[in-house]
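> Sharing a structure with you now.
What follows draws every value from the coordinates through simple rules; no lab data is involved. Since this is a predicted model, take the numbers as computed values, not measurements. Backbone-built Cβ (ideal geometry, glycine too); neighbour counts: all protein chains shown.
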Amino acid sequence: MSSTDRRWLALITLCSGTLMIVLDATIVNVALPDISADLGFSPSGLSWVVNAYLIAFGGLLLLAGRLGDLLGQRRVFLCGLAVFVVASLACAIAPAPSFLVAARLVQGVGGAFTSAVVLGMIVSLFPEPAEQAKAIGVYGFVASSGGSIGLVAGGVLTSALDWRWIFLVNVPVGVATWVATLRYVDPQRPTTAGRRADTTSAALLTAGLMTGVYTIVEVTQRPFGSTATTAALAIALLVGFVVRQAGAAEPLLPLRLFRSRTVTGANAVQGLLVVGMFGTFFLGALYFQDVRGYGPLQIGLAFLPSTVAMGLMSLRFAGDVTRRFGVHRTLILSLVLLSVGLVLLSRVPAGGAYVVDVAPALVLTGLGAGLGFPALTGMAMSAATPADSGVASGLYNTTVQVCGAVGLAVLSSLSTGRTHHLVVGGADPTSALVGGYDVAFLVAAGAAVAAAGLAIGVLRPRSVEAEPIPERDLVAESA
């Protein structure tokens, strides 16, 4: 087997693990009613089937990325995969609500350790720019379309079999990925061998992120005033972490990464971009369920135009478009397409036809995401040294998860508030629901427009090239 074939098989293996993790964030959503009926969840307790996973996943990504630099990225990937598979089996046999929530928390831990180091390994596997762009395009498709694929898979498994199969299916897939990783992904020497893990920084960061994600998911269930204490605690912990990084000899998150205009700008733009994408999947699913009366399988199939558009663009055309127009213009084009798609979604009438009123908007959002995610992924990793590729990968994934959770909380609150206002004003329930979703999609479009403005102002064409790290920083880090 040639080295080229081996590297592409390694990429497929890594992306298979990533897809399994991304799927799990949405595949559970369509099965929640069946889970509730089978295990006897209370309405408030049922949300923790999703929230427990998100809190552990979002809170541990940065730490997992840094551990990949310290211990070896393949080792961390394999450990995370093993934890995820075992936790998936525990979820499948859960006899009670508390057992399932605890297993989902452990699943989130495994998911964080598995996905945090993937980008770092891909960058190491494909150092040549053209091949790296193709590889990142494959990864971008998996990461961005996994949510809609999860809705389809969840609908099929729940309708044809049983909700427990949405977790059981992870076992054979996870085991196959684990074996393939041992065969095709070569072990890498830790890039920061001999350096210590800063346990204080790790504790501050993990506690801060987990408290912050907990606050975000609780805001959707309770008024903000009741979560103000945890919000203040999260801010204090994260500020303490930043202060410690500024003075640490061996920082967990080197602040010099943020000196790169490209890395900082790409993460900021990505944060705004995922607001639109998370809103599309979550609120779109609610729209199909509550307004159009679709079942789980129909909801998943309704998102296929977006998934297919993302796949075609990121896997086939994104590289050609980028080479023709440049990374900067390609990114702007992607954000314009996404903005137009979200604006069209905000104008969908209550009784509109799917083919005429909904599908074109989903195609545009898919095209925008398929163009934008690969470009932003490459930028976010552009200034990372080999010693920091794991933590840069973790930072990118943390941006996606935390900003997605924040955006979802904001959009859900705005949608619910607008719907309530319309109902009080005398609107019929269906029109009120559509009015709420329209406002949320319009705000999501505003986030995409803001992302385009930020890309124009910060990610100027000359700044999107990989920026060299000042030599004095590299000397200081290796001392």
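> If each residue's Cβ is checked for other Cβ atoms within 10 Å, how do ASP290, ASP320, ASP438 rank with the fewest at the top?
Details: ASP290 16, ASP320 9, ASP438 20.
If I rank by nearby Cβ atoms, fewest first, I get ASP320, ASP290, ASP438.
> Suppose R0 equals 41 Å. What FRET efficiency, 1/(1 + (r/R0)^6) with r the Cβ-Cβ distance, do LEU233 and SER124 give to the nearest 0.05? All intermediate terms of the calculation are to be shown ahead of the outcome.
Details: r = 37 Å, r/R0 = 0.90.
In this case the efficiency is close to 0.65.
> Can you sort SER339, SER42 from fewest to most other Cβ atoms within 10 Å of each residue's own Cβ? Spell out each step's value before the answer.
On the way: SER339 23, SER42 10.
Listing SER339, SER42 from fewest to most nearby Cβ atoms yields SER42, SER339.
> Once you sort the root eigenvalues of the Cα gyration tensor of region 285-353 as a ≥ b ≥ c, which label holds: rounded (a/c under 1.5), prolate (a/b larger than b/c) or oblate (the other case)?
On the way: a/c = 4.33, a/b = 1.98, b/c = 2.18.
Verdict is oblate for region 285-353.
> For region 1-185, build the convex hull from the C-alpha positions and give me its volume per residue in Å³.
On the way: hull volume 19.6 nm³, N = 185.
Given the Cα convex hull of region 1-185, per-residue volume reads 106 Å³.
> How far, in nm, would the chain grow between VAL175 and THR4 when pulled straight, counting 0.36 nm per residue and subtracting the alpha carbon separation? Intermediate values should be presented prior to the final figure.
On the way: separation 171, 0.36 × 171 = 61.56 nm, distance 2.43 nm.
Between VAL175 and THR4, full extension yields 59.1 nm more.
> Provide the per-residue ³J(HN,Hα) series for region 207-213, in order, calculated from phi with Karplus coefficients 6.51, -1.76, 1.60 and θ = phi - 60°, each as a whole number of Hz, with x at glycine and proline positions.
For region 207-213, the Karplus curve yields 5, x, 5, 5, 5, x, 5 Hz.
> In whole Hz and in residue order, list the ³J(HN,Hα) couplings for region 392-402 that follow from phi through the Karplus curve 6.51 cos²θ - 1.76 cosθ + 1.60, θ = phi - 60°; x for Gly and Pro.
5, 4, x, 4, 4, 5, 5, 4, 4, 5, 5
> About its Cα centre, how strong a charge dipole does region 254-479 have in debye, to the nearest 20, once Lys and Arg get +1 and Asp and Glu get -1 at the Cβ? Walk me through the intermediate numbers first.
Values: 13 positive and 11 negative charges, 85 e Å.
Using only the charged Cβ atoms, the result is roughly 400 debye.
> Taking the Cα centre of region 1-185 as the origin, how large is its charge dipole in debye, to the nearest 20, when only Lys and Arg (+1) and Asp and Glu (-1) carry charge on their Cβ atoms? Write out the running numbers ahead of the final one.
On the way: 9 positive and 8 negative charges, 80 e Å.
Computed charge dipole of region 1-185: roughly 380 debye.
> Go through region 297-313 residue by residue and turn each phi into a ³J(HN,Hα) via Karplus (6.51, -1.76, 1.60, θ = phi - 60°); whole Hz please, and just put x for glycine and proline.
Each residue of region 297-313 in turn: 5, 5, 4, x, 5, 5, 8, 4, x, 5, 5, 5, 4, 4, x, 4, 6 Hz.
> Using R₀ = 25 Å, calculate the FRET efficiency as 1/(1 + (r/R₀)^6) where r is the Cβ-Cβ separation of ALA353 and LEU442; round to 0.05.
Details: r = 21 Å, r/R0 = 0.84.
So, using R0 = 25 Å, E works out to roughly 0.75.
> To the nearest 0.05, how large is the calculated FRET efficiency for ARG316 and THR200 if R₀ is 60 Å and r is the Cβ-Cβ distance? Numbers along the way, then the final one.
Numbers: r = 47 Å, r/R0 = 0.78.
Plugging the Cβ-Cβ distance into 1/(1 + (r/R0)^6) gives 0.80.
> Within a 10 angstrom radius of the beta carbon, how do HIS421, HIS328 rank from fewest other beta carbons to most?
HIS421, HIS328
> In terms of modelled amide H atoms, which long-range or inter-chain residues lie less than 5 Å from the amide H of GLN188?
Correct list: GLN73, ARG74, ARG75.
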